[in-house]
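Just so it is clear, none of the values below were taken in a lab; they were calculated from the coordinates. Please read these numbers as outputs of a predicted model, since none were measured by experiment. Backbone-built Cβ (ideal geometry, glycine too); neighbour counts: all protein chains shown.
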Amino acid sequence: MKRLITWLVVLAVLAYLAFKAAVWWLTEQQVVALQKALQETAVIERGKIGSSVGGHLVLRGAEYQDFRLTQPLQIGQLRFVAGSPVSLLTSLLNPRNLPAQWTLEAEPLSMVLDAAMLSNWVTDSGTARPSSLLVPVCGPDHRQQLGTGDLVRMGINHLDGDLLVQQTPDELHAELNTGQIGSLEMHWPGARLNVTAPGQLASSSARPMNLTVRDAGVMRRISAYCARESGVSANEWTGIVMNRFLNGLESRGLRGSDQLLALYRQWLREGGELTLGLTPGLPLWGVPVHDPQQTSPARSLQITYNGSRVPDVYLERMQPQISETPVEAVEPVTAPEPTGPGWRPVPLKEATQWVGQTVRVTLSTGRVVEGRLERVEDGKELEVTRMVNGGEVAYPMAQRAVTGFEIWYRGGKP
């Protein structure tokens, strides 16, 4: 009997060691395969691999670096719970064979924010900042949109949070929580995530998902900051953003209902909690689009704001508002020699000659900073000081993020 117990203990230890070794090796192989799939866009550091016989896989100290971004995403601990050791080994052998129920947790997630988060090769390609209907205006030039540089100047220098993804036979549930800019929560009945083909997620369920957005008070900070940067009152800034939103809809042949516009205006001013019923597999994610020629009542998007249902939220079709291109716009233009006061572009490499002068700097994000040029570090950084609320604020900027540099001249030669 004693020998039998000894053999059982030895076999249990060997089985445990074999399980741990198999999990380590299979995880390493999957990380290598994932790195090959992402080699043109990102690099992954897996960190330390841990596991348990309860069907848990843990990666500690992992890191994800997207080549388009200047800062990596740090992952303190990534935990995958398969439910059993057999399910864990099966999932690692073939990720398409995930069990019917599994959980993925990542905490803490952290990323340092840069004034210029996009890498040089992205900004040089001219695709650095796609225009968005829902990104608000933030600057005296109404083409400027809120960017990471604005968040940094607002005191949001880094993002910290945690991620939870739970797959059950009935639904896909996900949560992303951050302490500074709010949270996202999703419940999607019938949806199933295939990690080998994530693009199929949108068509995995025809049922609408419930998406809840909480802003944690950041919209009030953004409206106050962007109004100040634009040199207008908060109400005037809201009007500017709404006009841009309306023009963007009209250029797409759409018009928002009165309730939709009122809801967006309120969100810009106060933020809060929004819960939307969206269907990713449909055009416009299932937002109802009403044809004015139809006599039947327009359907409304299922949406609640701060716990109260909001009716009559929909879009209407209309003729796209496209302004005609004037003849002068297609004729070759020869810039005349400036004779009066105005802005004059100069090469960035000559910036050191204009220290102490009034300059205007355009960044790859679309942001324009105007003020006094304080200092220039050769090939690295320049700093512009501007007056804000009776005081001076310094704006350091990486030279690699500068796409335009102009000096103010009073007439004649600068």
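Taking the stretch 255-271 on its own, how many of its residues are buried (at least 17 other Cβ atoms within 10 Å of the Cβ) and either without any contact (Cβ under 8 Å) to a residue 40 or more places away in the chain or not in a helix (DSSP H, G or I) (or both)?
Of the residues in that region, 5 qualify.
Counting just the residues of the stretch 138-157 that are among the polar types (S, T, N, Q) and either touching a His at 6+ places or on another chain (Cβ under 9 Å) or part of a loop (DSSP other than H, G, I, E, B) (or both), which one comes out farthest from GLY182 (Cα to Cα)?
Among those residues, the one meeting the criterion is GLN144.
Go through the stretch 31-83 and tell me which strands (runs of 3 or more DSSP E), entirely inside it, have 1 or more residues that are surrounded by 17 or more Cβ atoms within 10 Å (Cβ to Cβ) and out of contact with any helix residue (DSSP H, G or I) (no Cβ under 6 Å at 6 or more places or on another chain). Working first, answer last.
Working: elements: 42-45, 48-52, 56-66, 73-81.
In the stretch 31-83, the matching strands (runs of 3 or more DSSP E) lie at 42-45, 56-66, 73-81.
Mind checking which pairs have a first residue in the stretch 198-216 that is at positive phi and a second that is hydrophobic (A, V, I, L, M, F, W, C), Cβ under 9 Å, 6 or more apart or different chains?
ALA216/ILE181
Can you work out which of the residues in the stretch 158-191 that are crowded, with 17+ Cβ neighbours inside 10 Å and outside any strand (DSSP E or B) is nearest to the chain's Cα centre (by Cα)?
Across the stretch 158-191, the extreme among qualifying residues is ILE181.
Within the stretch 139-171, how many residues turn out to be in contact (Cβ under 8 Å) with a residue 24 or more places away in the chain and closer than 23 Å to GLY281 by Cβ?
5
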